[in-house]
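Every number here is computed from the coordinates shown, using simple stated rules; none is lab data. Computed from a prediction, not measured in an experiment: that's the story for all the values here. For neighbour counting, all protein chains shown are included, and Cβ atoms are generated from backbone atoms with ideal geometry for every residue, glycine included.
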Amino acid sequence: MRIVLLGPPGAGKGTQAARLAQHFDCPHVSTGDIFRSNVAEGTELGQIAKQYMDQGDLVPDEVVIAMVMDRLSSPDCAGGFLLDGFPRTVAQAEALDLNLVAQDTPLHSVLCFEAADEELYRRLAGRSAELKRSDDGEETIRHRLEVYATKTRPLVDYYMHRRLLSIVDAVGHVEDVTARILDALDAARLSDRANGNGNHAVNGDGHANRHGRGYQPRSGAGAVADRAAATLRSR
Ligand code: AMP
């Protein structure tokens with residue numbers, strides 16, 4: 001399976017990615033983890049990334065894209081991967097598409113985790129106290145959520161337009177959220193078989209709804225996705 005996990009900081013992507021990687025027996029590729037280990041080792045990449053991470057800003061696209069493409073070219077990713085924290089901008093998503101289309105290994109699914117802002121603040125503040133992450137201070141948390149809303153949230157429309165998206169309610173016990181994800185992936189697979197592929201929303205009751213009923217697309221979806229499609233067509 002080639003899966004992307006999208007969602008705001010604090011939505012539980014890392015926890016779920018680790019569980020899913022075990023379930024599907026494929027590598028968990030977390031850009032945040034790669035950056036943190038480079039920071040800890042004091043590499044040049046770590047020194048560049050740290051300036052941005054400490055402010056709650058995104059590391060520049062060219063740095064992240066080169067790093068992820070290199071990671072995905074490793075033999076252990078040949079059978080599939082779980083991308084956690086990438087892409088985070090439309091430019092990153094386009095670069096990923098171009099790379100995967102070139103290898104004839106397109107994404108199977110994109111899962112977007114949703115939780116209310118108050119819940120995200122609560123979780124991130126708890127994590128700050130527990131793990132002392134340098135980017136979990138109050139101001140930085142607020143900024144990271146703003147960066148998500150402006151830079152990353154447009155990817156919901158991008159992937160919805162491509163009919164790859166499942167929205168997952170990220171609130172609840174870890175096991176329940178994992179079960180919702182597996183339901184969403186099953187629903188996407190069934191719908192793939194029936195009519196091409198399709199977007200889904202899985203609510204807290206575990207019911208998967210096709211978009212159009214369970215999910216309202218945001219405005220501007222067409223512009224972002226059409227630009228991406230045009231990029232691919234012009235190759
Ligand atoms: P995370 O652990 O995924 O929340 O990532 C921690 C930090 O690493 C982010 O706040 C960014 O500074 C940086 N980072 C991780 N992934 C990306 C990405 N795809 N693009 C840009 N910066 C990233």
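Simple spin-label estimate for H23 and L100 gives 1.8 nm between the two label positions (7 Å along the Cα-to-Cβ direction from each Cα). Counting neighbouring Cβ atoms within 10 Å and putting the fewest first, the residues D25, D57 line up as D25, D57. Note that region 1-131, at 4 °C in a medium of 1.567 mPa s, gets a Stokes-Einstein diffusion coefficient of 83 µm²/s from its Kirkwood radius over C-alpha pairs. In terms of other Cβ atoms within 10 Å, T150, T178, T43 run from fewest to most in the order T150, T43, T178.
Taking Lys and Arg as +1 and Asp and Glu as -1, the other residues whose beta-carbon sits under 12 Å from that of A17 total 0. The simple spin-label model puts a point 7 Å past each Cα toward its Cβ; for A40 and R127 those points are separated by 1.6 nm. Residues M53, M69, arranged from fewest to most other Cβ atoms within 10 angstrom of their Cβ, appear as M69, M53.
What would the Debye formula give as log10 I(q)/I(0) at q = 0.20, 0.22, 0.24, 0.25 Å⁻¹ for the alpha-carbon point model of region 56-159, no solvent? Each listed q corresponds, in turn, to -1.12, -1.23, -1.32, -1.37.
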